[in-house]
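Contents: one structure, followed by commentary.
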């Protein structure tokens, strides 16, 4: 495998699973301010007697070339801090309810071409359009991956409502952003939503409620899909093990 591809896979995997491996499963915290605004973050840390630091879904703290992605807020402005549970592992999805095979094939091809996990692409589509091919946002973004007309033109997309062109363009754009932000998934997703200029201006996820919610939503959906995949693989291994099959059969006989 090409070194760049290996780095990409390891970087995205670290963003997805670092919190699970290094801290309790219930890792996401919601900080609600007295104003009613809220932040979803990975952790909080007191800075001094009056400030609270919120770490906002980024792995840039481990990089010596980029600042950690956090904001400081006044502790007196905080109304509550609650821990959000990880999304439950869903049961296997019936074949009839799965993504149409044609779209799945397009995602598989685009993911392989740009070395991006198919589940991540599917998570972006879920957040962007809910899987609606003809979706149009209030700002004019179109199709499954919600490409703006100007962006679509730059990416060589003639018809943003064609799934093959839309997914090819959206995946290429996400690839560019992952490369730009050194495989920092959170920053790439923030740039996909708010634009690279906003991410560069704030040196991290912009303080926009919509963008912060978008990053959290995609990452949670990505994690949900990977957990479901692990659950399915684990179940398959157990059922395919002779001793386990005998045990299951024996339990069923009682």
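Some values worked out for this structure:
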read-out	value
Selection status of residue 191, assigned to a helix (DSSP H, G or I), under 20 Å from the mean Cα position of the chain (by Cα) and within 28 Å of residue 38 (Cα to Cα)	yes
For residue 194: the one exception among (1) modelled with pLDDT under 95; (2) closer than 21 Å to residue 111 by Cβ; (3) buried (at least 20 other Cβ atoms within 10 Å of the Cβ)	(2)
Candidates 93, 118, 15 - the one that is at pLDDT below 75, closer than 27 Å to residue 145 by Cα and assigned by TED's automatic domain parsing to the domain that holds residue 216	93
Single match in 170, 140, 150 (criterion: farther than 22 Å from residue 221 by Cα and assigned to a helix (DSSP H, G or I))	150
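The values are calculated or read from the model by the stated rules, or taken from the named source; none is laboratory data. Small disclaimer: the values here were computed from a predicted structure and weren't measured. All Cβ positions, glycine included, derive from the backbone under ideal geometry; neighbour counts span all protein chains shown.
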